[in-house]
Amino acid sequence: MRKKLLFAAVLSFVMCLFIYGTSADRATVISANTAIDSSKGLKDYFKKYFIMGVAVSPRSLKTDEAALIVRNFASMTPENAMKMGPIHPRENEYFWRDSDSIMAFAKANNLKVRGHNLCWHSQAPRWMFTNATGDTVSKEVLLQRLKEHITTVVKRYKGQIYAWDVVNEAISDRPDEYLRNSAWYRICGEEFIAKAFEYAHEADPDALLFYNDYNEINPVKRDKMYKLVKGLKDAGVPIHGIGLQGHWAINEPSEEELNNTFKKFADLGLKIQVTELDISVYNKEHDARERRTADTSTAFTPEKEAAQIEMYKRCFNVFKKYKKVLTSVTFWNISDRSSWLDNFPVRGRKDYPLLFDKNLQPKKVFFEVVRTVQ
Ligand code: HAH
């Protein structure tokens, strides 16, 4: 009797091996499946980790990119449509067409929306800072305008936008300077930051409010970001998270920089979201510059492809470790068909920073990113 049982046990073990293969074989089977499993998208693979998002233009939602978005993403960010300049071009005039069309698409397809953004030095309308005679407005007037703007925009989409980048990029890139010398800062001092959060919270108490910035992997900038957000939190300002833009490249960040960044911000006791992820196939440059002769070689070479794969894997392996605090990862643009990096830091230099190629096919790096959670 015992012998029979033992025989049955051994037999079933051998059969299991035969059917499922060893773990190494299994990995191949899984990766082959990902290549052919057309019913699953990025958002499904990452369901147990974070909300996968993408930055969109209203135009993209009327092209074949729409189907890619619906399959792969659970959240959208309007790339430009909700920025102050585009949405509030004149003092008494809002332009809702583009943002409304993005919201309608999100509703129809059951996607969440991250709002971007309510207060930024760039893409702000010029009228905001000047009066009818062209003079710079006072702090009181500017804060009143900021309040009117934030209240109107946030209330329009109340209950539909689950998270807002309230203040974008208020910190200086200069090592010797804390806050950026923007019109907001020159006119209001530091106060505009806390005020923006208060206005947004009043307009939609349920929305999650984020401070969002880039070059977070630089220890000097990172410490300033930490100081700002910690200060707001400790002062009781309604802030719920920090947005790390994640505009990286094949040569940075190092694993250490990435780990240190997440460790530091996880300690804040707030949520973290990666809000604008892309990995340029050129070495990182932080400032816009003129085109040079060397910039004409823009092929996506096997070397660039391999380096980009390694960097994306590095990032997602760190993201995974922080899944308790990291609640969303949003890519800045949909596919290599078009990215803001095609024009930054060099105008007209083609980049290939995303997981889908210009024909909207998943690149090798897509499967490698999926494998980090399988
Ligand atoms: C981001 N700035 C902005 O948040 C986003 O609104 C815009 O569409 C693209 C990128 C990043 C940035 C940078 O990494 C370096 C210099 C300026 C701006």
Under Stokes-Einstein, the range 55-164 at 20 °C and 1.002 mPa s, with its Kirkwood radius over C-alpha pairs, diffuses with a coefficient in µm²/s of 144 µm²/s
When the charge dipole of the chain is computed with +1 on Lys and Arg Cβ and -1 on Asp and Glu Cβ about the Cα centre, the Cα farthest towards its positive end, among Met128, Leu142, Tyr94, belongs to Tyr94
per DSSP, antiparallel bridges as share of beta bridges in the chain, % nearest 5, sits at 10 percent
Checked against the positive end of the charge dipole of the chain (+1 on Cβ of Lys and Arg, -1 on Cβ of Asp and Glu, about the Cα centre), the farthest of Tyr199, Asn343, Gln245 is Gln245
Of every hundred units of 1.4 Å-probe accessible area on the chain, the number belonging to carbon and sulfur atoms, as a percent, is 53 percent
Scalar couplings 3J(HN,Hα) for the range 255-260 by Karplus 6.51 cos²θ - 1.76 cosθ + 1.60 (θ = phi - 60°), nearest whole Hz, x for Gly and Pro, are 4, 5, 4, 5, 4, 4
Answer in debye to the nearest 20: the dipole magnitude of the chain about its Cα centre, from +1 Lys/Arg and -1 Asp/Glu charges placed on Cβ, is 1460 debye
A chain fully extended from Ala299 to Thr152 at 0.36 nm per residue, minus the present Cα-Cα distance, gains in nm 48.4 nm
Once Lys323 and Glu202 are pulled to full extension, the length gained, defined as 0.36 nm per residue separation minus their Cα-Cα distance, is 40.6 nm
On the formula 1/(1 + (r/R0)^6), with r taken between the Cβ atoms of Lys139 and Lys284 and R0 of 51 Å, the FRET efficiency rounded to 0.05 is 0.90
So for the range 112-176, using the alpha carbon gyration tensor with a ≥ b ≥ c as root eigenvalues (a/c under 1.5 gives rounded; past that, a/b versus b/c decides prolate or oblate), I'd call it oblate
Treating only Lys and Arg (+1) and Asp and Glu (-1) as charged, each at its beta carbon, one finds that the range 82-175 has a dipole about its Cα centre, in Debye to the nearest 20, of 320 debye
In terms of the alpha carbon gyration tensor, root eigenvalues a ≥ b ≥ c, rounded if a/c is under 1.5 and otherwise prolate when a/b exceeds b/c or oblate, the range 187-297 is prolate
Residue by residue through the range 134-140, the couplings from Karplus 6.51 cos²θ - 1.76 cosθ + 1.60 with θ = phi - 60°, in Hz, x for Gly and Pro, are x, 7, 5, 6, 6, 4, 4
Judged on accessible area alone, 1.4 Å probe, highest first, Ser328, Ser338, Ser122 line up as Ser338, Ser122, Ser328
The pairs in Lys43/Lys363; Lys43/Lys320; Lys233/Lys323 lying past 19 Å Cα-Cα in this model are Lys233/Lys323
Sorted largest first, the Cα spans of the range 240-374 on the principal axes come out in Å as 47, 33, 24
Long-range amide H partners of Asn343, meaning residues 5 or more apart or on another chain whose placed amide H is closer than 5 Å, are Gly348
Summing -39500 (n - 2.57) over every DSSP H run of at least 4 residues in the chain and dividing by its residue count gives a helix-only mean residue ellipticity at 222 nm, to the nearest 500 deg cm²/dmol, of -12500 deg cm²/dmol
Taking a probe of 1.4 Å and leaving out DNA, RNA and ligands, the chain shows per residue an accessible area in Å² of 48 Å²
Over all viewing directions the Cα convex hull of the range 112-245 casts an average projected area in nm² of 8.1 nm²
Between the residues Val70, Ile171, Phe210, the Cα farthest towards the positive end of the dipole of the range 58-217, that dipole coming from +1 and -1 charges on the beta-carbon of Lys, Arg, Asp and Glu, is from Val70
In whole percent, the Cα-Cα distances of the chain spread across 20 Å bins from 0 upward as 27, 55, 14, 4, 0, 0
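The values are calculated or read from the model by the stated rules, or taken from the named source; none is laboratory data. Remember, it's a predicted structure, so these values are computed and weren't measured experimentally. Reconstructed Cβ throughout: ideal geometry from the backbone, glycine too, with neighbour counts over all protein chains shown. All accessible areas refer to the heavy atoms of the entire protein, side chains included, with ligands and DNA or RNA removed. Shrake-Rupley method; radii C 1.70, N 1.55, O 1.52, S 1.80 Å.
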